[in-house]
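Engineer: First the structure, which I've put down as structure tokens, then a few questions once you've had a look.
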Amino acid sequence: MLFSDISAVLAYIEQKTNFQLGLLRVQEFLNKAHLDYHKIKFIHIGGTNGKGSTTFYLANILINSGYKTGMFSSPSLEAHNDRIRINNNFISDESIIAFVNEYYDLIEETQVTMFEIDVVMALDYFIKNDVEIAVMEVGMGGRYDGTNIINPLISVITNIGLDHQQYLGASKAEIATTKAGIIKENGLLITSENDQQCLEIIQNEANLKHAQVIEVKSAHVHSLKPIIFDYQEYYHLELASLADYQIKNVSMVLEIIKVLKVKFGFNISEEIIRCTLLNIKWPGRFEVMSYHPFIVIDGAHNVEGISELSKILDKYQEYHKTIVFAALKDKQTDDMVKLLIDTKSEVIISEFAFYRTKKAIDINKNFNLEVQENYEDYLINKIKLMNEQDMLIITGSLYFISEIRKLLLNII
């Protein structure tokens, strides 16, 4: 046995940061491991923003409908294990250790990266536990993402935004081309993208592959506090979330469910949909950590995400708002910071310990904002001084939000 301790195994996995796009390593691993993942029914969810929330909402509705459901998403928020779930239960430490011990030589031979190890581990785990359906979130892009070896019932592109441009392309058109690569021959794609140029690129890819494209319609919103809306034949759905952007993600889920029911014979009732939406929240997405004092975390990790967060914050004019922000090196932080300043909030720039983190001083180089490199000490002191008129929002990288969430759960 190579490993017996989960900390050692995770350290081994997480040091494999030799990031490279491409399917060859994953395909070689799966072939040599003889993992027959083709028998699993998949839903494949990509896009710039909202793919994690869409994955989570859909998986939970499937679970509550009685289907044994696998779920793969990244990055992790609570622990590395939360990337791989069955019926919302995280993969166990013992299963991670067993996988790495079983396939250690093959991991070394194929040189799969951390993300790719997680992908093949998820497939192995789903196979061994006989899941009925698995909802897989794309890591980055689509065409060359490690998850793109699957052949799903339905492919999904939530939207196209400017993110990870050094890997996916400099323009929306180039990024759309990369993301459209998840469309499969004779497949079916659902998208909520509404940019006509991007839609044309998606449709052209679908035509080449003889695939069908379904566009998500607009919802009719009745209320935002709480969120109540209609979507097509689904009336007066209420969300537990306070995040406006979840309306679009849930509308996407409803279109996916419609196809699952009509084309693939899934049994999913409106009552289950309604109860699930009313009772679940995706952690880290405009998640209220405390109402007294009022503290929210939101993984708005790119310009589009910050723009959506800014719209939500407009609803909270009665509060004195403080925003703590940290980001990764590859983000358009100038544009993100400008949007945060426009919310009329006090903006604090910070950083965190991660190899891809952008230093606070670099984020702030074109501004004159307060910098707090030690976010932990700052937040502990800030929270002690908050009153009922204060609102604290921590946002930026999901890796940052993961660290913040753990801290807040210990101090509030």
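The values are calculated or read from the model by the stated rules, or taken from the named source; none is laboratory data. Here the structure is a predicted model, which is why all the values come from computation and not from measurement. Glycine gets a Cβ as well: all are built from the backbone with ideal geometry, and neighbour counts include every protein chain shown.
Engineer: Is it true that some residue in the stretch 390-399 is farther than 23 Å from Glu78 by Cα and not in a strand (DSSP E or B)?
Structural biologist: no
Engineer: Sticking with this one: Filter the stretch 378-395 for residues that are free of Cβ contacts under 8 Å to residues at least 60 places away in the same chain and touching a His at 6+ places or on another chain (Cβ under 9 Å) and give the result.
Structural biologist: Selection gives nothing.
Engineer: From Lys16, Lys32, grab the single residue that is surrounded by fewer than 24 Cβ atoms within 10 Å (Cβ to Cβ), under 29 Å from Glu132 (Cβ atoms) and of a type in the set (Lys, Arg).
Structural biologist: Exactly one residue qualifies, and that residue is Lys32.
Engineer: Condition test on Asn186, is it surrounded by fewer than 19 Cβ atoms within 10 Å (Cβ to Cβ), among the polar types (S, T, N, Q) and under 22 Å from Thr54 (Cβ atoms)?
Structural biologist: no
Engineer: Taking the conditions exactly as written (modelled with pLDDT of 95 or more, surrounded by 21 or more Cβ atoms within 10 Å (Cβ to Cβ) and more than 17 Å from Asn129 (Cα to Cα)), does Thr69 satisfy them or not?
Structural biologist: Here the answer is no, as Thr69 does not meet what is asked.
Engineer: Inside the stretch 286-322, can you point out the residues that are β-branched (Val, Ile, Thr) and part of a helix (DSSP H, G or I)?
Structural biologist: Val303, Ile306, Ile312
Engineer: Within the stretch 355-364, can one find any residue that is over 23 Å from Ser307 (Cα atoms), modelled with pLDDT under 95 and of a type in the set (Lys, Arg)?
Structural biologist: No; the residues of the stretch 355-364 include none that is over 23 Å from Ser307 (Cα atoms), modelled with pLDDT under 95 and of a type in the set (Lys, Arg).
Engineer: Inside the stretch 200-243, counting only strands (runs of 3 or more DSSP E) that do not spill past its ends, which hold 2 or more residues that are among the basic types (Lys, Arg) and either within 15 Å of Ile182 (Cα to Cα) or assigned by TED's automatic domain parsing to the domain that holds Glu174 (or both)?
Structural biologist: Filter on the stretch 200-243 gives an empty set.
Engineer: List every residue pair whose Cβ atoms lie under 8 Å apart, where the two residues are 6 or more positions apart in sequence or sit on different chains, the first residue falls within the stretch 145-157 and is in contact (Cβ under 8 Å) with a residue 60 or more places away in the chain, and the second residue, located anywhere, is surrounded by 24 or more Cβ atoms within 10 Å (Cβ to Cβ) and aromatic (Phe, Trp, Tyr).
Structural biologist: Between residues of the stretch 145-157 that are in contact (Cβ under 8 Å) with a residue 60 or more places away in the chain and residues that are surrounded by 24 or more Cβ atoms within 10 Å (Cβ to Cβ) and aromatic (Phe, Trp, Tyr), the close pairs are Thr147/Phe72.
Engineer: Moving on to the next point. Would you check which residues across the stretch 363-377 are assigned to a helix (DSSP H, G or I) and either buried (at least 17 other Cβ atoms within 10 Å of the Cβ) or among the hydrophobic types (A, V, I, L, M, F, W, C) (or both) and list them?
Structural biologist: Passing the criteria: Ile363, Tyr375.
Engineer: Restricting attention to the stretch 330-349, report how many residues are farther than 28 Å from Gln389 by Cβ, surrounded by 15 or more Cβ atoms within 10 Å (Cβ to Cβ) and without any contact (Cβ under 8 Å) to a residue 40 or more places away in the chain.
Structural biologist: Residues that pass the stated criteria total 1.
Engineer: Moving on. Under 7 Å by Cβ, and 6 or more places apart or on different chains, what pairs join a residue from the stretch 94-109 that is free of Cβ contacts under 8 Å to residues at least 40 places away in the same chain with one that is of a type outside the set (Asp, Glu)?
Structural biologist: Short answer, once both residue conditions are applied: Ser95/Tyr125; Phe99/Met121.
Engineer: Just one of the numbered conditions (1) under 21 Å from the mean Cα position of the chain (by Cα); (2) assigned to a loop (DSSP other than H, G, I, E, B); (3) surrounded by fewer than 17 Cβ atoms within 10 Å (Cβ to Cβ); (4) at pLDDT 90 or above is not true of Phe352; which one?
Structural biologist: (3) is the only condition that Phe352 fails.
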